[in-house]
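See below for the structure under consideration.
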Protein chains: 2
Amino acid sequence: MFEAAENEHLLDEATYDAKLPKLREALLAAQYELKAQGRFPVIVLINGIEGAGKGETVKLLNEWMDPRLIRVETFLQPTAEERQHPPAWRYWQRLPGRGRTGVFFGNWYSQMLHGRVNKELSRVELDAAIGQAERFERMLADEGALILKFWFHLSKPQLKQRLKHLKNDPRLGWKLSPLDWRQAKVYDRFVKEGERVVRRTHHDYAPWHVVPGFDERFRSLTVGTVLLKALQRALANKPRKQRRAAAVVPPPVDGRGVLEAMDLTQRLDKADYEDQLLAEQARLARLLRDKKYRRHALVAAFEGNDAAGKGSAIRRVTGALDPRQYRIVPVAAPSDEELAQPYLWRFWRHIPRQANFTIFDRSWYGRVLVERVEELTPVADWQRAYGEINDFEEQLHDAGIVLAKFWLAIDQDTQLERFRAREETPFKRFKITEDDWRNRDKWDLYSQAVNDMVVQTSTAIAPWTLVEANDKRFARVKVVRTLNEALERAYDKG
Amino acid sequence: MFEAAENEHLLDEATYDAKLPKLREALLAAQYELKAQGRFPVIVLINGIEGAGKGETVKLLNEWMDPRLIRVETFLQPTAEERQHPPAWRYWQRLPGRGRTGVFFGNWYSQMLHGRVNKELSRVELDAAIGQAERFERMLADEGALILKFWFHLSKPQLKQRLKHLKNDPRLGWKLSPLDWRQAKVYDRFVKEGERVVRRTHHDYAPWHVVPGFDERFRSLTVGTVLLKALQRALANKPRKQRRAAAVVPPPVDGRGVLEAMDLTQRLDKADYEDQLLAEQARLARLLRDKKYRRHALVAAFEGNDAAGKGSAIRRVTGALDPRQYRIVPVAAPSDEELAQPYLWRFWRHIPRQANFTIFDRSWYGRVLVERVEELTPVADWQRAYGEINDFEEQLHDAGIVLAKFWLAIDQDTQLERFRAREETPFKRFKITEDDWRNRDKWDLYSQAVNDMVVQTSTAIAPWTLVEANDKRFARVKVVRTLNEALERAYDKG
C-alpha cells in the first residue's frame, strides 16, 4: 500500500506556484463555511515515517488556514495526571468542537506503533489497540466528525538521504522521536506494522491518505488537495446516521421485563436501618482510606423515577465522608461548549483521577432515558448510545475505576403520594414541577426505556443495581452496601 | 446484558399451543419466499450456556422448517485436513448458498470462548479473535447474508438444576461439551467472557439475540419469533450496500501512477535467459522438496495485459516440476453454485493444504479489474473487495501460505504486435477474440484499475510483483525467481 508513495514524485516550482493560491483560497473559504455551519469538527491525524514532512505539513496547515479555527495538539508520553486517568481521557480533553479543526500530531496510532516497534506490544496487543482506535473513531464519526488520517511516507533510501540532511538541522525534530530512525530495523518494523495498522483502520468513516513525503511541493499540494476535497464533500452532504442493532434480548414473549421482576415491598424498620446504615457508612469511610484505593477510583451514577429519593440516597453515601473525599456532579442541560462535542464528552471531563470519588446525580444515561422518551434525540443516536456507553464504561473499568450504577425504582402509587406531599410542604414545593407531572403521564414509555437500558448496559464489569425504593430506608442501605461490595470486589482482585 | 434472560420466564402450554401453528406456517412461508427470491443466505449461529436448549432448538428448527432448505453444521475440534488450512477455511466450506439456511452449531464464537475459559487464549488474543469474527461477518453481511446470532442463557442456579436433570439423560449432549460445566468457575468465566464477546460483536449487520433458556416453550417461541421477524424484514428490504473508502493513496498530483514508473525496456539475451531460467527452475524444484515446505504452501496468482504471456510464464514455473506437485486453476466465469456464494468462496475452495502449490491463472483480482471496468459489478461491491482481499490474503499468510501475485505488463505497441501475430498464425488464432480487441480500446480504464489494485492490495505480506513483460524472457525469469525468493524468505522465518 505504500509502494505508490515511494515513487520519485517531483513537482516543479512553477507548477506548484501556479496551483497554490487557488488551493489556499478554497481552503480558507471551506474553513469559514465549516465555522458558519457549526455542524461538525474536523480531526486530522498526522502519522508516518520520521523526516517525511509531518512537522512541516502541520506548520503549513497552520499557515494556510485561519489559526483561530485550527489547533495543533501534540501527544507525547503521558503526563502523571494523564496516567491516572483512562488512556483515552487525554484525547477526549483535546477534541475540537463543532466548526473547528484539530490536528493531532502524535496520536493513538503513534502510541501503538512505537509500542510495537519497541516490542512493548505483542501483535495481538496491537490488534486490540487497533480495535479500540476503530471504536473511538467510529464514535467520533457517528457524532458527525470529519476524520482525515495522513500517513507520510518515505522509502528506505529516501529516509537515509533525509537523515543525512537533517543531521545538521538546528530544529532537531527528528531527535525528538522516541525511535532511533538511524537503525535500519526501525524502518523495517515501522513500515511493516504501519501497513498493517493502515490497512486495518482504513474505513469509509475515517480513511487513510498515504502521502509521498519526499518532495516538499508534491507533498504539500497533495495534503492540501485531499483536505480541501474532504471538507467540501462533508460541507455539502448530510452525514449518514448509523443505526444500532435493536436490543440484544428480544422483547419477552410473556411481556415481563426486568422492572416487573422487582419486589418493591421490601422494607427495613427504623432500628435495623440505623444500625445497618451506620455500619455501611463506616465501612465506606474505611474503604476509601484503604491503601488499595490509590490504584482505583470510584464513580457512582444515580438514576431513578422522579421522587424515588436519589438526593437523599446520595446524602447517605456522603454522610460519613469529608467533602474533600468526593465530588457531586449534577447533570443538567448541556452547555454550549458541551453541545459542540460528542455526547460523552461532558462526562469524560468529570471522570476522577485515581483515589478520587465522583457521584453523578443523573448521568450519561439521560441519552437513553429522557432524550429518548421526550424525543430530544434522533432514534439512531440514542440507539447507538448503548454500545458507546458500554465501551466508555469498559475503559473506566480497565483503568481501575469502580463503577456503580443505581436505578431507584418506585411504583406509581408511591410516586403520587410523594408528589402530593411535596406540594403540601412549603420547603419541598421547589422539588415538584409541571415536568414531573408530565413525565408521570409517560410512565410506560419510561419503563420501556429503563428496561431496554438495563438489558443493554448491565454488564459484568458495570452492572446496574436496581434499588427497590418504595421504602427509602431499604433503598439507602442497599445503595451504600452496593458501593462497599463493589470496592471490596475490586480490592480483592488487586 | 444477560440479566433479563435470567428471569423466571414460564410460558403455559395453552398459550404456546395457541401461538405455535401460526408461527410455523409463517416460518415455512418465509422459507419458501427465501428460496424463491434466491437473493441471500441465512446464517444462524447457536451459542450460549450448556443445557440452555441449544441442541433442542436446533432440532426444533429442523422440524419446523423444510429440511431440504436448511442444514445444520457442527464444528467440533478441527480435523487433520482442516488444521492444514487457514482456520476460516472450514467455515467457508459450509456456507449456505443464497436462498438457503445454515445453522452453525459450535462456530467461531464457541472456539474463542472455549479457548478463553480454558485459558488457552489471553484477553487480547480474544480481542483479536473478536476482530476476525467481525470482519468475517461484515463480509458475509456485505455480500447479502442475513445473520442471526442466538445466545441461550441460564442463570447459575438454573444451570445447576438443569445439570441434575441431565445427569440421567441418555443423549448425554452435555457431556460432549469440551468444558466441564459442573465446575462453578466454568460458568462464571464463560458468562463473563461471553458477555464481552456478545457486547463487542452485537452489530446492526449481525445482531445477537439473548434467549432465556430455562423454559422450553418460552425459549422456542422466542427463537421462532425472532427468526420469523428477521426473515420477513430481510425479504421485504433491499440490503444497504456498504461503500469502501476510496484509495489510500490519493491520485498523484503529477499524474504518475505505478505502471508509469515501470521500465519496460528491460531484456535478457537468449544465452543468459537459458542459463538463468534453468538455475531458477532447479532452485524451485529444490525448494519444494525442502523439509520446511511441509509447514508452508505456495499460491501464485497471475494477472496481466492480454497477450502479456501469462500462459507461457506459468509453463516456465511448472517446467521442472512433477504434475503431482502443483495444480493450475484457470479462473473463468463462476458456476451457479459459486454465484450463490460470497465472492471469495470460489477461491477459498481451491486454497491448497500444507505442502501444496496452486497456480491461479487469473484470480480473485478479477473483481477489481474486468468486473470493474466492464461494469459487471456494482461500484460498492468492487470497492469493498480491496479490503476483503487484504483480509483473505492475511489469513493465507498467517496460515504459512506463501503468496506471490504477478502483474505482467506490456505496452500498447507490443500488444498490437502480438495480437497481429496471433491472427496470422493458424494454431494461435484461437487465442485472439473480439473481446481482446474490445479490451484494448479500454486500455486507460484498465490501467487505472491496475494502478488502484496495486496501491490498495500490495502489502508487506502479499506484495504485487510488477513484471516487465515486453521481453518474454526477462518476464519468465523474473517470475520464477520471485517465487524462489518468496519461499526462501518464508523458510528463513521458520
Check: Given a Förster radius of 35 Å and the C-beta distance between B:Glu485 and B:Thr425 as r, what FRET efficiency does 1/(1 + (r/R0)^6) yield to the nearest 0.05?
Finding: 0.50
Notebook entry, point to check: What angle, in degrees between 0 and 90 and rounded to the nearest 10, separates the Cα long axis of helix A:216-236 from the longest principal axis of the Cα atoms of chain A?
Noted result: 40 degrees
Check: Relative to the longest principal axis of chain B, what angle (0 to 90°, nearest 10) does the C-alpha long axis of helix B:123-142 take?
Finding: 80 degrees
Checklist line | Nearest-20 debye value, the protein assembly as shown charge dipole, Cβ charges on Lys, Arg, Asp, Glu | finding: 1840 debye
Next item on the list: Putting +1 on Lys and Arg Cβ atoms and -1 on Asp and Glu Cβ atoms, find which of A:Ala88, B:Leu408, A:Leu408 reaches farthest to the positive end of the dipole of the protein assembly as shown.
Entry: A:Ala88
Item checked: Buried on assembly, the stretch B:1-16 (at least 30 Å² less accessible surface than by itself, 1.4 Å probe) -> B:Met1, B:Glu3, B:Ala4, B:Asn7, B:His9
Notebook entry, point to check: How far is the Cα center of the stretch A:243-296 from the Cα center of the stretch A:419-454, in Å?
Noted result: 21 Å
Checklist line | Calculated FRET value between A:Ala18 and B:Ile461, using beta carbons and R₀ = 60 Å, to 0.05 | finding: 0.90
Item checked: Cα-centre dipole for chain A with unit charges at Cβ (Lys and Arg positive, Asp and Glu negative), debye to 20 -> 1440 debye
Next item on the list: Check the straight Cα-Cα distances from B:Lys59 and name the aspartates and glutamates below 14 Å, setting aside those fewer than 8 residues away within the same chain.
Entry: B:Glu73, B:Glu216
Next item on the list: Note down the magnitude of the dipole of the stretch B:286-382 about its Cα centre, charges +1 on Lys and Arg C-beta and -1 on Asp and Glu C-beta and zero elsewhere, to the nearest 20 debye.
Entry: 1060 debye
Checklist line | Exceeding the 25 Å Cα-Cα cut-off - candidates A:Lys185/B:Lys478; A:Lys493/B:Lys156; B:Lys149/B:Lys229; A:Lys119/B:Lys493; A:Lys19/A:Lys54; A:Lys405/B:Lys192 | finding: A:Lys185/B:Lys478
Notebook entry, point to check: Taking 0.36 nm per intervening residue step and subtracting the Cα-Cα distance, what contour gain separates A:Gln93 from A:Arg267 on full extension?
Noted result: 58.2 nm
Check: Could you give me the ³J(HN,Hα) list for the stretch A:180-191, computed from phi with Karplus coefficients 6.51, -1.76, 1.60 and θ = phi - 60°, whole Hz, x at Gly and Pro?
Finding: 8, 6, 6, 7, 4, 5, 4, 4, 4, 5, 4, 5
Next item on the list: Please report how far the C-alpha centroid of the stretch B:145-160 lies from that of the stretch B:375-415, rounded to the nearest whole angstrom.
Entry: 39 Å
Next item on the list: Can you tell me how much longer the chain between B:Glu337 and B:Ala282 gets when fully stretched, taken as 0.36 nm per residue apart minus their C-alpha distance, in nm with one decimal?
Entry: 15.8 nm
Item checked: Positive-end extreme of charge dipole, chain A - chosen from A:Leu278, A:Ile49, A:Val299 (charges on Cβ) -> A:Ile49
Note to self: For A:Lys238, place a label point 7 Å from Cα along the Cα-to-Cβ direction in every copy; what are the distances to the other copies, in nm, shortest first?
What the structure shows: 2.0
Margin query: Roughly how large is the B-A contact in terms of buried accessible area, totalled over both chains, probe 1.4 Å, nearest 100 Å²?
Written below: 5100 Å²
Margin query: Could you check the spin-label model distance between A:Lys160 and A:Lys192? Points 7 Å from the Cα along Cα→Cβ, value in nm.
Written below: 1.9 nm
Checklist line | Reachable lysines, given that their alpha-carbon falls under 21 Å from the alpha-carbon of B:Lys428 and they are not under 8 places away in the same chain | finding: B:Lys310, B:Lys472
Notebook entry, point to check: Roughly to the nearest percent, how much of the accessible area of the stretch B:111-240 is carbon and sulfur, given a 1.4 Å probe?
Noted result: 52 percent
Item checked: Spacing of the two label points (7 Å from each Cα toward its C-beta) at B:Lys238 and B:Asp444, in nm -> 3.1 nm
Next item on the list: Could you provide, to the nearest whole Å², the per residue accessible area of chain A with probe 1.4 Å?
Entry: 45 Å²
Next item on the list: Extending each Cα 7 Å along its Cβ direction at B:Asp66 and A:Leu321, get the distance between those two points in nm, one decimal.
Entry: 6.4 nm
Next item on the list: Give the nm distances, rounded to one decimal, from B:Tyr32 to the matching residue in every other copy, measuring between label points 7 Å along Cα toward the beta carbon; shortest first.
Entry: 6.7
Next item on the list: With runs of 4+ DSSP H residues as the only contributors, calculate the mean residue ellipticity of chain B at 222 nm using -39,500 (n - 2.57) per run, divided by the residue total and rounded to the nearest 500.
Entry: -15500 deg cm²/dmol
Checklist line | FRET efficiency for A:His350 and B:Glu434, using Cβ-Cβ distance with R0 set to 56 Å, rounded to 0.05 | finding: 0.20
Item checked: Angle between chain B longest axis and helix B:379-398 axis [Cα atoms, degrees, rounded to 10] -> 90 degrees
Next item on the list: Could you pull the copy-to-copy label distances for B:Arg489, with points set 7 Å along Cα to Cβ, in nm to one decimal and sorted shortest first?
Entry: 5.0
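The values are calculated or read from the model by the stated rules, or taken from the named source; none is laboratory data. Predicted, not measured: the structure shown is a model, and the values here were computed from it. As a convention, Cβ positions derive from the backbone with ideal geometry for all residues, glycine included, and neighbour counts pool all protein chains shown. Ligands, DNA and RNA are excluded from the accessible area calculation, which covers all protein heavy atoms including side chains. Shrake-Rupley method; radii C 1.70, N 1.55, O 1.52, S 1.80 Å.
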